[in-house]
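A short worksheet on the structure shown next.
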Amino acid sequence: MKHYTVTFYSHYDALNLGRKLKGRKVESSLMPVPRILSSSCGTCLTFTAEDEFVFDEELFGRENIECVYETSGSSYELILDYR
Amino acid sequence: MNRLYFDNACTSFPKCPGMAEKMAQYINENGSNINRGNYEMAYKTENVVFDLRENLSSFFNAESPRNCILTSGATMSANMILFGMLKKGDHVIISSMEHNCIMRPVEALKKSGVTVDAYNTEDDIEGLINAKTKAVISIHGSNVDGRIFDAEKIGRICKEHGLLFVLDTAQTAGHIEIDMRKWSVDALIFAGHKGLMGPQGIGGFILSEQMAKMLNPIIMGGTGSFSDLYDMPNVLPDRFEAGTLNIPGIVGLEHSLRYITELRIENIRKKEEALVNLFISQIEALSDEGLLEIIGSDIPIDKRTPIVSINMKKEDNARIAFELADKYNVDTRVGLHCAPMAHRSLNTFPNGTIRFSFGFFNTEKEILLGARFLSAVCGRL
């Protein structure tokens, strides 16, 4: 299992992804974006998924998200970057 | 004497069942803002707002829920669209039945070099288009005589000529089916507190993807996103929602829209058409006798909202309206209804009319009583 943190351009997108992940039986949580990742006062979404989880275009497209980080403790490895 | 409320075109009453309780529950038990705090209650509220956008998008068949912008109502929405879209040298076409929520912004824009023409019927529109024409801005249903303009036809004309189409549904949303995509509407303006049965102070506008890319925000401020930047965000809905929204109003509208969706528009329409038919049939004798004129009596029932305006022939409209309210507890609205242009078009300016506007919660018994009381104040009982 891997842990991920997703950042967004808007709260709307964060809620939207949370609902779509739920539709795929993946539970997620909203939380403030760690300041180390962004100073934009936004909301990020964290979730845990199987190792083979696919970041498909429908959910994780350029229009909907900013970045995806693989998280381990307090370290964040950038794996998708649309900035 | 029981109150007969026939002023639903002004604001609907009673409101949707259970709405006030939902709003009170939010205020008393939650109270959190959205897009700012990161805690459970804030997320709970954000979900209500998200649901409203999804439901509005589905209700009006819009392109995307994120393009549903929430404002204080139709007037603020009209201002945001007109001032955000038009610049010096642009030409727009409006209807001859516009409410002041369009007329006053248009009049102000004329002073900055925007030119305007008005159409009487949809067939006039093509003849008014010139090289500078940017948009057709039209009321959908008149708040004076209830006529419904053919939005599908206007949308088709706009599409053929590459024009933007702005539709003001303040008097039609919640009364008749509205289809943004089918009618090629680029900006749909709605009021939450009329046919949608929500509270006052909430409404909004919905944009097509094309319009979303070109409309400029005219109200700037905090959005809870991109807080490190001084510019407004480019993403919707944030781009057009600076400052704190009317969240109690959103909670109320979310509830009432859900209620209307379950009730189904065709059922609302069927009942309201029957009420209008009944009222007109009951007051036709007064018209035949020359005591009053029914404005727009030639408009077919399927082309009108539940509004009937009358003009007294021998009495003062204000005196009759006052007597209806004072003696019989009948609430109507007399005057120009914030639509002087419409009254000029109908030759009822500056006298205005007495407007009876019905809603889903009116009953046949109320209609019969209202017509009877009108006869009484006309001295015919």
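For Cα pairs less than 8 Å apart in space and 6+ apart in sequence, what is the mean separation divided by the residue count of chain A, i.e. the relative contact order in percent? Working shown, then result.
Details: 136 pairs, mean separation 32.1, N = 83.
RCO, chain A: 39 percent.
Amide H neighbours of B:ILE202 under 5 Å, at least 5 residues apart or on other chains, H built in the peptide plane: list them.
B:GLY192, B:HIS193
At what distance in nm do the modelled label points of B:ASP298 and B:LYS270 sit from each other, each positioned 7 Å from its Cα along Cα→Cβ?
3.2
Residue by residue through segment B:84-94, which ³J(HN,Hα) values in whole Hz follow from phi under the Karplus form 6.51 cos²θ - 1.76 cosθ + 1.60 (θ = phi - 60°), with glycine and proline marked x?
After applying 6.51 cos²θ - 1.76 cosθ + 1.60, I find x, 10, 9, 9, 3, x, 6, 10, 10, 10, 10 Hz.
With θ set to phi - 60°, apply the Karplus curve 6.51 cos²θ - 1.76 cosθ + 1.60 along segment B:194-205 and write out the HN-Hα couplings as whole Hz, x wherever there is a Gly or Pro.
Once θ is set to phi - 60°, the couplings for segment B:194-205 become 9, x, 7, 6, x, x, 5, x, 9, x, x, 9 Hz.
Take peptide B:36-44, look around each residue's Cβ out to 10 angstrom, count Cβ atoms belonging to other protein chains, and average those counts.
3
Starting from the Cα-Cα distance between B:GLU177 and B:LYS159, subtract it from 0.36 nm times their residue separation and give me the gain in nm to one decimal.
Length gained between B:GLU177 and B:LYS159: 4.4 nm.
Helix B:100-111 against the longest principal axis of chain B: what's the angle in degrees, Cα atoms only, rounded to the nearest 10?
So the helix axis and the longest Cα principal axis differ by about 60 degrees.
Could you state the angle between the C-alpha long axis of helix B:364-377 and the longest principal axis of the C-alpha atoms of chain B, as a value from 0 to 90 degrees rounded to the nearest 10?
Taking the Cα atoms of chain B, the angle to B:364-377 is about 50 degrees.
Please order B:HIS91, B:HIS175, B:HIS337 by the number of other Cβ within 10 Å, starting at the fewest.
Working: B:HIS91 18, B:HIS175 30, B:HIS337 24.
Fewest-to-most ranking of B:HIS91, B:HIS175, B:HIS337: B:HIS91, B:HIS337, B:HIS175.
In what order do B:GLU63, A:GLU58 fall by count of nearby beta-carbon atoms within 10 Å, going from fewest to most?
With the fewest neighbours first, B:GLU63, A:GLU58 line up as A:GLU58, B:GLU63.
Using only the alpha carbon atoms of the protein assembly as shown, find the Kirkwood hydrodynamic radius as the inverse mean reciprocal pair distance, in angstroms to one decimal. Mind showing how you got there, number by number?
Numbers: mean 1/r = 0.0417 Å⁻¹.
It works out to 24.0 Å.
Roughly how many debye, to the nearest 20, is the charge dipole of the protein assembly as shown about its Cα centre, given +1 on each Lys and Arg Cβ, -1 on each Asp and Glu Cβ, and no other charges?
Numbers: 49 positive and 60 negative charges, 198 e Å.
In total the dipole reaches around 940 debye.
Per residue of A:5-11, what is the mean number of Cβ atoms on other protein chains within 10 angstrom of that residue's Cβ?
Mean number of neighbouring Cβ atoms from other chains: 5.
Whats the longest run of chain B with zero trypsin sites (Lys or Arg not before Pro) that are DSSP loop and have at most 14 other Cβ atoms within 10 Å?
B:4-86
Residue by residue through segment B:152-164, which ³J(HN,Hα) values in whole Hz follow from phi under the Karplus form 6.51 cos²θ - 1.76 cosθ + 1.60 (θ = phi - 60°), with glycine and proline marked x?
Values per residue, Gly and Pro as x: 5, 5, 4, x, 5, 4, 4, 4, 4, 9, x, 9, 7 Hz.
Kindly put B:PHE322, A:PHE47 in sequence by how many other C-beta atoms sit within 10 Å of each C-beta, fewest to most.
In order of increasing Cβ crowding within 10 Å: B:PHE322, A:PHE47.
Taking 8 Å as the Cα distance limit and 6 or more residues as the minimum spacing, I'd like the relative contact order of segment B:155-196 as a percentage.
Here the relative contact order equals 49 percent.
No value in this document is a laboratory result; all are computed from the given coordinates. This is a predicted model, so every value here is computed, not measured. We place every Cβ from the backbone using ideal geometry, glycine too, and count neighbours over all the protein chains shown.
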